[in-house]
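What follows draws every value from the coordinates through simple rules; no lab data is involved. Being a predicted model, the structure only gives us computed values, none of them experimental. Please note: Cβ atoms are built from the backbone with ideal geometry, for glycine as well, and neighbour counts cover all protein chains shown.
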Amino acid sequence: MLKERLYYIDAYCKTFTTQIKKEAQDTEGNWYVVLENTAFYPTGGGQPHDIGTLNDIQVLNVEDVEGEIRHTVATKLGATDQVKGVINWERRFDHMQQHAGQHILTAAFVELFKLHTISFHLGKEICTIDLDAEDVSSEQLEAAERLANEMILKNLPIETKWVSSDELDQYSLRKELTVTDEIRLVIVPDFDYNGCGGTHPSSTGQVNAIKILATEKQRRKTRVHFVCGERILRELHKKTNVLAEASRQLSAPEDRVNAAIEKLLEANHSLEKSLGAAHESLLSYEANELLLNQEQGAVKAAFVGRTVQELQKLARFLVANNDEVIALLVAESDGRLQFVAGCGAAVKTSMKQVATVALQAVNGKGGGNDAFVQGGGERTMSGEELLEIMAKSIL
């Protein structure tokens with residue numbers, strides 16, 4: 001029975017002794033053991049598995065496979081019946097804090113705003129809950145966090161109770177349960193009643209604190225990122241280091257980092273505009289130079305390392321400066337060939353015929369209209385060779 005498992009009898013059990021019932025290999029060749037009883041919590045309900053040792057051999061994974069708790073171990077335990085298990089307590093207690101914190105935070109959102117949690121994930125560094133709401137305001141987040149921390153400061157008991165389905169009417173459950181037998185409730189009296197199979201501390205005070213870090217949209221839901229307990233200190237330490245480094249690099253006191261960043265962004269935006277204008281001027285100058293070398297009413301040029309956006313701008317400068325010219329431009333970049341073909345307003349030849357032969361030559365894709373086309377494909381030849389194919393199609 002579930003209630004007889006050691007991690008349910010005593011979530012604070014750190015060491016235990018038991019017998020091996022089975023030792024075998026899974027389909028991937030990993031050794032696992034099944035014990036008569038265990039304090040190792042298997043992955044489930046949003047909570048990751050415990051790790052630790054069995055007879056000093058590392059336990060790498062714990063999972064419930066059709067009611068059989070398999071402990072994946074680093075090596076075969078060998079000829080032994082009795083084993084001593086040792087739980088990695090730091091990981092276990094962290095999971096207890098995060099899972100209990102999730103219950104409290106979820107209950108706070110329901111209590112204040114009737115916002116229900118539809119999923120929970122206990123990550124290695126960050127925990128998340130998905131709220132059944134498209135938008136959650138900053139004021140709602142602050143209020144829920146405040147209420148959750150008030151419940152922690154009250155150091156309320158966290159009780160667990162095994163009940164039958166007939167007894168559920170006695171409790172104001174947060175959501176309906178999918179199980180009908182061996183039902184385990186986790187209860188914070190007068191605040192939260194919830195069916196749960198995870199491990200939790202014996203009081204809310206042991207969660208220490210809850211801090212919401214961020215939110216994001218997830219398919220018309222709102223994902224809330226948060227941490228509890230020791231993880232808050234780790235997050236604070238990490239963010240303090242980042243802020244200190246930003247302060248050093250910006251040569252600004254920490255309380256002026258935001259202002260320094262805004263000033264830097266403004267300067268960067270101004271510089272980008274200046275560079276863009278300079279680049280446009282250079283392309284215009286380059287277009288004029290190319291027009292001096294046109295042949296039979298066409299300007300042909302092959303480049304290496306230029307983007308198709310640059311080719312497009314250069315071609316538009318060419319046809320804008322001479323309405324009787326055809327611009328044929330090719331660039332080799334990242335093992336591909338890209339091309340642009342354009343014509344001035346006085347030219348009657350359609351550039352679509354250029355695209356047709358060019359795309360066939362490079363097994364590529366592209367598009368455009370009679371006046372302007374572009375495309376790209378495989379580097380089946382040199383840029384100069386593709387340029388000549390394009391030129392022959394119209395000249």
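Details
- Structural descriptor for the stretch 93-237: relative contact order 32 percent, calculated from alpha carbon pairs under 8 angstrom and at least 6 residues apart.
- Aspartates and glutamates whose Cα lies under 15 Å from that of residue 392, excluding same-chain neighbours fewer than 8 positions away: 295, 384
- Relative protection proxy for 25-35, 159-169, 185-195, from highest mean packing down: 185-195, 25-35, 159-169 (other beta-carbon atoms within 10 angstrom).
- Residue-count net charge about residue 216 - beta-carbon cut-off 13 Å; Lys, Arg +1, Asp, Glu -1: +2
- The relative contact order of the chain, computed from alpha carbon pairs under 8 Å that lie at least 6 residues apart in sequence, is 10 percent.
- Rounded to the nearest Hz, the phi-derived 3J(HN,Hα) couplings of the stretch 139-149 under the Karplus curve 6.51 cos²θ - 1.76 cosθ + 1.60 (θ = phi - 60°) are 5, 5, 4, 5, 5, 5, 4, 5, 5, 4, 6, where x marks glycine and proline.
- Our summary gives the stretch 284-339 a relative contact order of 40 percent, counting only alpha carbon pairs under 8 angstrom and 6 or more residues apart.
- Each helix, a run of at least 4 DSSP H residues, gives -39500 (n - 2.57); summed and divided by the residues of the chain, these come to -11500 deg cm²/dmol at 222 nm.
- Proximal lysines relative to residue 263, as straight alpha-carbon distance under 16 Å, when same-chain residues fewer than 8 apart are discounted: 273
- With a Förster radius of 51 Å applied to the beta-carbon distance between residue 269 and residue 379, the computed FRET efficiency rounds to 0.90.
- Net charge in the neighbourhood of residue 67 (other residues with Cβ under 12 Å of its Cβ; Lys, Arg +1, Asp, Glu -1) is -3.
- Relative packing of 71-77, 313-319, 16-22, which averages over residues the other C-beta atoms within 10 Å, highest first: 313-319, 71-77, 16-22
- Our note on the geometry: Cα centres of the stretch 305-331 and the stretch 45-81, 66 Å apart.
- Lys pairs under 15 Å by Cα in the stretch 2-87, provided they are eight or more residues apart or on distinct chains: 5
- Rounded if a/c under 1.5, otherwise prolate or oblate - the stretch 2-87, Cα gyration tensor axes: oblate
- Reach of residue 114 by Cα under 27 Å, taken over lysines that are not fewer than 8 positions away in the same chain: 154, 161, 175, 211, 217, 221
- Phi-derived couplings, Karplus 6.51 cos²θ - 1.76 cosθ + 1.60 at θ = phi - 60°, listed residue by residue for the stretch 208-222: 6, 5, 10, 9, 7, 9, 6, 9, 8, 7, 9, 6, 6, 10, 10 Hz, with x used for Gly and Pro.
- Rounded if a/c under 1.5, otherwise prolate or oblate - the stretch 277-392, Cα gyration tensor axes: oblate
- Relative to the longest principal axis of the Cα atoms of the chain, the long axis of helix 230-250 makes an angle of roughly 30 degrees.
- Positive contributions from Lys and Arg (+1) and negative ones from Asp and Glu (-1), summed over other residues with Cβ under 9 Å from the Cβ of residue 117, come out at 0.
- Phi angles of the stretch 81-96 translate, via the Karplus equation with coefficients 6.51, -1.76, 1.60 and θ = phi - 60°, into HN-Hα couplings of 9, 8, 10, 10, x, 10, 7, 6, 5, 4, 5, 4, 5, 4, 5, 4 Hz per residue; Gly and Pro are given as x.
- Net length gained if the chain between residue 66 and residue 261 were fully extended (0.36 nm per residue, minus Cα distance): 64.7 nm
- Between the stretch 101-143 and the stretch 145-163, the Cα center-to-center distance that results, in Å: 15 Å
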